[in-house]
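Following: one structure in structure tokens, then a few remarks.
The values are calculated or read from the model by the stated rules, or taken from the named source; none is laboratory data. All values reported here derive from a predicted model rather than from experimental measurement. Cβ atoms come from the backbone with ideal geometry, glycine included; neighbour counts cover every protein chain shown.
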Amino acid sequence: MLIVADSSPLIALAICKGLPLLDQLFEEVNIPQAVYDEVVIEGKPVAEELRRYLEGKVYQVDLTTVIINAGGLGQGEIEAMVLYKQRQAGYLLVDDKRARKVAALNGIEITGSQGILLLAKQSGLIGYVKPYLERLRESDIYINERLILRTLQLANERE
């Protein structure tokens, strides 16, 4: 199955050392050029790791062929949704709350970085999600504490 990814969950998965899980869970990982441009900016967290990981996974998107109600979304999120439709992906990997709502309204199947961790645990690829979540907590990226607690609950793990 193909998954198209937005920038925030890629950064989150790189920080918590979960990027390899994407390749184990999905046959193919694709991103649009705008997402690539967002995550490999010099000085961004894990930019060099993402540059290496995303080699051969970047696609150009023709925004003139698809219209999505994208009020308030960034270029990467819009292109990721268009690429999802164009490549007939199974999932869109996106963490942003507004982008998730727009995706759902457009019939796009979504998951987030923490959803990937849960799927990896359910598939037997990892024993626990908590170490990954702890690495996210220790980083400089924003992560919703209620969502972490919910993820731990769904994984049958304790805080």
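Within segment 84-102, the set of residues being assigned to a helix (DSSP H, G or I) and either farther than 12 Å from ASP6 by Cα or over 13 Å from the mean Cα position of the chain (by Cα) (or both) comprises LYS85, GLN86, ARG87, LYS97, ARG98, LYS101, VAL102.
Of the numbered criteria (1) within 21 Å of SER123 (Cβ to Cβ); (2) touching a strand residue (DSSP E or B) at 6+ places or on another chain (Cβ under 7 Å), the one VAL58 fails is (1).
Taking (1) at pLDDT below 95; (2) touching a helix residue (DSSP H, G or I) at 6+ places or on another chain (Cβ under 9 Å); (3) polar (S, T, N, Q); (4) more than 30 Å from ALA155 (Cβ to Cβ) in turn, ASN106 satisfies each apart from (4).
List pairs: first residue in segment 34-60 and outside any helix (DSSP H, G or I), second residue small (Gly, Ala, Ser) anywhere in the structure, Cβ distance under 8 angstrom, at least six positions apart or on different chains. Matching pairs, first to second residue: VAL40/ALA47; ILE41/ALA47; PRO45/ALA14; PRO45/SER139; VAL46/ALA14. Would you mind stating whether LEU117 is farther than 15 Å from ASN30 by Cβ and buried (at least 24 other Cβ atoms within 10 Å of the Cβ)? Here the answer is yes, as LEU117 does meet what is asked.
Look at LEU10 and say whether it is in contact with a helix residue (DSSP H, G or I) (Cβ under 6 Å, 6 or more places away or on another chain), within 23 Å of TYR128 (Cα to Cα), in contact (Cβ under 8 Å) with a residue 12 or more places away in the chain and crowded, with 23+ Cβ neighbours inside 10 Å. Give the derivation first.
Working: in contact with a helix residue (DSSP H, G or I) (Cβ under 6 Å, 6 or more places away or on another chain): yes; within 23 Å of TYR128 (Cα to Cα): yes; in contact (Cβ under 8 Å) with a residue 12 or more places away in the chain: yes; crowded, with 23+ Cβ neighbours inside 10 Å: yes.
Considered against the rule, which asks whether it is in contact with a helix residue (DSSP H, G or I) (Cβ under 6 Å, 6 or more places away or on another chain), within 23 Å of TYR128 (Cα to Cα), in contact (Cβ under 8 Å) with a residue 12 or more places away in the chain and crowded, with 23+ Cβ neighbours inside 10 Å, LEU10 comes out as yes.
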